[in-house]
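Bear in mind these aren't lab numbers, they're just calculated from the coordinates by the rules spelled out. Since the structure is predicted, the reported quantities are computational estimates derived from the model, not experimental observations. Cβ sites come from the backbone with ideal geometry, for glycine too, and all protein chains shown count toward neighbours.
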């Protein structure tokens with residue numbers, strides 16, 4: 001449930017409860033004052049003072065009270081009493097006059113045989129002139145005045161009005177019910193406040209605390225709020241932001257470590273040939289190379305070291321451009337069988353000169369088309385072969401290239417019988433500047449960038465490169481490229497020709 005709906009329900013509930021409380025309270029006061037629920041429409045005209053009579057009935061009672069004080073014997077005049085009774089009937093009330101020795105007058109309105117026994121005793125002090133009484137299930141309210149006739153007999157005049165029993169009950173329970181309703185209103189407010197606090201304020205406080213932790217640099221915590229409303233969505237977005245910041249910090253830390261490692265490796269790989277070049281040049285200057293043969297040897301070594309440095313700088317420059325996506329790729333549809341055969345023709349003589357027996361195993365039939373950048377892919381093959389030659393120490397030395405294919409992928413396998421790679425080192429051979437030879441001995445040559453460049457080139461082709469190895473048995477590097485259908489190959493060639 002959304003916060004908007006919660007707030008709407010909360011305030012709607014408060015409004016409804018408040019309105020019901022006001023209406024119920026007004027109804028109770030009206031019923032208590034008038035004894036008639038229909039008088040609710042005249043609520044603003046009702047006197048809230050408990051009064052058994054209507055305004056006109058009260059006026060008649062005051063006239064009768066005046067006669068009782070000043071001319072009590074007139075209250076034995078039945079004609080006069082009938083006139084007053086007729087007036088009281090219009091107010092749904094009746095008149096009753098008694099005397100100690102006899103009943104003087106009883107209104108026909110009552111028709112209640114037990115009325116005489118239900119009336120209160122004489123009280124000439126008139127301490128309570130308004131009250132109620134019950135006869136069976138009927139309820140009456142009255143105003144009365146006790147007096148003495150001229151002959152000394154006690155008398156009473158009553159103006160009686162039949163009322164609903166509920167009016168008396170309401171008058172008695174009104175304070176308790178009012179307090180109860182106020183209590184219900186307070187409890188409802190507290191419950192609604194608790195609901196809003198638990199579902200809205202508390203989660204926001206947790207988010208605020210989380211923001212303070214992020215501000216302090218702590219990103220290792222986790223937000224755990226289970227809610228489907230806007231707060232839950234905010235929590236999800238906040239948690240996603242925290243994860244991205246954490247990952248960004250980790251990547252930045254890793255990049256910083258890689259940068260330091262890169263500088264260290266470059267410094268090491270450049271310092272060694274520079275030191276050698278300086279040493280041989282100083283030997284020439286000092287006259288150590290005092291024969292043409294020594295001079296030629298020194299110059300050849302200097303040239304070899306300079307070529308090694310140039311190759312390192314070239315590979316570093318290429319790797320940087322690939323890493324920054326600044327090296328352009330020119331893809332076109334190429335038959336991989338023809339590509340490998342051309343590459344093998346270029347590599348075969350170099351391998352044979354170094355005493356390496358070579359084997360070419362094409363396990364496919366027909367043409368195998370892939371979209372490749374010829375120069376970059378050839379660079380990859382050369383890097384793999386050069387890397388194999390550096391660590392090929394077992395005799396006789398062998399190297400093979402195998403071509404396989406299925407309906408979707410073309411696989412090239414480059415296998416040597418070198419020393420192999422340990423299980424711990426194998427996952428890292430495609431990392432930049434990584435060497436299984438941790439001492440970075442220059443006797444093996446290389447920059448440590450060859451396989452890293454190969455991986456970046458294959459990634460740009462949308463392919464995969466991985467290796468398997470066994471210590472003492474050799475290493476196999478696999479390259480998988482997406483195979484094109486003849487139709488896709490034609491489309492690729494058309495696009496390249498248009499370009």
task: Place a label point 7 angstrom from the Cα of residue 375 along the Cα-to-Cβ direction, then list the residues of the stretch 321-353 whose backbone nitrogen is under 13 Å away.
output: 327-331
- line: Least to most buried among 238, 158, by other C-beta atoms within 10 Å and fewest first, runs 238, 158
- prompt: Percent relative contact order of the stretch 55-163, based on C-alpha pairs within less than 8 angstrom and at least six residues apart?
  reply: 29
Net lengthening on full extension, residue 285/residue 186 (0.36 nm per residue, minus Cα-Cα): 25.4 nm
field: Anisotropy class of the stretch 272-428 from Cα gyration tensor, a/c 1.5 cut
entry: prolate
- prompt: What shape does the stretch 53-110 take by its C-alpha gyration tensor, where a ≥ b ≥ c are the square roots of the eigenvalues and a/c under 1.5 counts as rounded, a/b above b/c as prolate, and the rest as oblate?
  reply: oblate
- request: Any chance you could run the full-extension gain for residue 250 through residue 393? It's 0.36 nm times the residue separation minus the Cα-Cα distance, nm to one decimal.
  value: 47.5 nm
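For a protection proxy built on the mean count of beta-carbon atoms within 10 angstrom, sort 408-416, 116-124 highest first, please.
Going from most to least packed, we get 408-416, 116-124.
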task: Fewest Cβ neighbours within 10 Å first, please rank 21, 221 accordingly.
output: 221, 21
- prompt: Using the Cα gyration tensor of the stretch 243-365, with a ≥ b ≥ c the square roots of its eigenvalues, what is the shape: rounded (a/c below 1.5), prolate (a/b larger than b/c) or oblate (neither)?
  reply: oblate
- request: For the stretch 55-163, just the Cα atoms, rotate onto the principal axes and tell me the three extents in Å, largest first.
  value: 38, 26, 24
message: At 0.36 nm per residue, and after removing the present C-alpha to C-alpha distance, how many nm does the segment from residue 233 to residue 116 gain when stretched out fully?
response: 34.3 nm
